[in-house]
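This report concerns only the one structure given below.
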Amino acid sequence: MQPGNAVDYTSINIFIDASNSGNVSISYILRDLDSNSDNATQPVALQFRTSSSNTWTDITEGYVADASVGSAQTSTSVSVSNIAGTAGQATLEFRIITGNAVNSDEWIGVDDIQVTCFFPGTQIATPTGSSAVETLAIGDMVLTTEGTAAPIRWMGRQTVSTIFADPLRVLPIRIAAGALAENVPSRDLLLSPDHAIEVGGILIQAGALVNGTTITRETQVPTTFTYHHVELADHRLILAENTPAETFVDNVDRLAFDNWDEHEALYGHLPGIVEMPTPRAKSHRQVPPAIRARLAERAEAVGGTLVAA
């Protein structure tokens, strides 16, 4: 973006449909592209609106007073989670915009833009009400399906790119509201294909539940997005959008986590978490016929027509 020193000059606008999502999160990197030393004060703002006729709302957490501060070609990371007022908006528009420059103009680049409206925004039950998963931290309490409160031992983050990845392994699974039972989930729930939920006393990985109507593979995703993982002291079930979902248990994908080094520094000297002794279905053929029939009935109840998984 090439700023102007008299008026707001240029912007990058991002349009998304968040009609089936919770509050949206956005992150990106601002880069000073000028090869010269810093000679300007160049603010960059972040705004959103819910239709082209509405006024812009400033997102104060995303405001950067000077994106060209410091040495030449510096970078500034911007990340704002769970933005109030963005949930359920079908015509959501974000704007990254330069402000009035002081002194000489600086060229500002914007890259690694990530707009996330699934795992960030997923509501997790806590003793004080529901909280968006990305707002949880080590030590926070969550509710288990047994009705007890348990402290979070660690929060894992895993950034996924769809460019070279196998879609069957990385694309999230969307479980429509009411697809499993009345009010289960309470809203559409998106989770990774290998993440298991409890259905009929069995842990079933989300990818094994795809039926093409009420449980689908989500294809309208950003090029890169982030999954969040909740780890407790042991393998338990917590409530995500009122759905029993497993907490993190050690697996072969752990080294791909953005912050696995943090986990190793905290708990690398301890034994791994043992998986709960509950039957697990990893593929569609392993899902018991009785559960398939029950989910087919739910699909018809909520107006779906089943297709081949």
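The values are calculated or read from the model by the stated rules, or taken from the named source; none is laboratory data. The model shown is predicted, which means the values in this text are computed figures rather than measured ones. All Cβ positions, glycine included, derive from the backbone under ideal geometry; neighbour counts span all protein chains shown. Please note that ligands, DNA and RNA were not included when accessible areas were found on the heavy atoms of the full protein model with its side chains. Shrake-Rupley method; radii C 1.70, N 1.55, O 1.52, S 1.80 Å.
Charge tally for residue 221 (other residues, Cβ to Cβ under 13 Å; Lys, Arg +1; Asp, Glu -1): 0. A crude spin-label estimate for the pair residue 51 and residue 223, with each label 7 Å from Cα along the Cβ direction, gives 3.2 nm. Comparing 165, 176, 139 along the charge dipole axis of segment 133-186, the residue lying farthest to the positive side is 165, per the Cβ-charge model. Computed about the Cα centre, the dipole magnitude for segment 160-309 is approximately 680 debye when only Lys and Arg (+1) and Asp and Glu (-1) carry charge, each at its Cβ.
Could you sort 236-246, 57-67, 87-97, 138-148 so that the peptide with the highest average Cβ count within 10 Å comes first and the rest follow in order? Write out the running numbers ahead of the final one.
Details: 236-246: 21.6, 57-67: 16.0, 87-97: 18.7, 138-148: 13.4.
Averaged packing, sorted descending, gives the order 236-246, 87-97, 57-67, 138-148.
Applying 0.36 nm per residue to the separation of residue 60 and residue 233 and subtracting their alpha-carbon distance, the gain on full extension is 58.7 nm.
By accessible area, using a 1.4 Å probe on protein heavy atoms only, segment 161-309 has 55% of its surface on carbon and sulfur. Loop only per DSSP, at most 11 neighbouring Cβ atoms within 10 Å: give me the chymotrypsin sites (Phe, Trp or Tyr not before Pro) in segment 149-227, ordered by residue number. Those satisfying the criteria are 164. Size descriptor for segment 197-309, Kirkwood hydrodynamic radius: 16.3 Å (Cα pairs only, one decimal).
Estimated from the Cβ-Cβ distance and a Förster radius of 25 angstrom, the FRET efficiency linking residue 293 and residue 169 is about 0.35. At a probe radius of 1.4 angstrom, the accessible area of segment 154-238 per residue rounds to 36 square angstrom.
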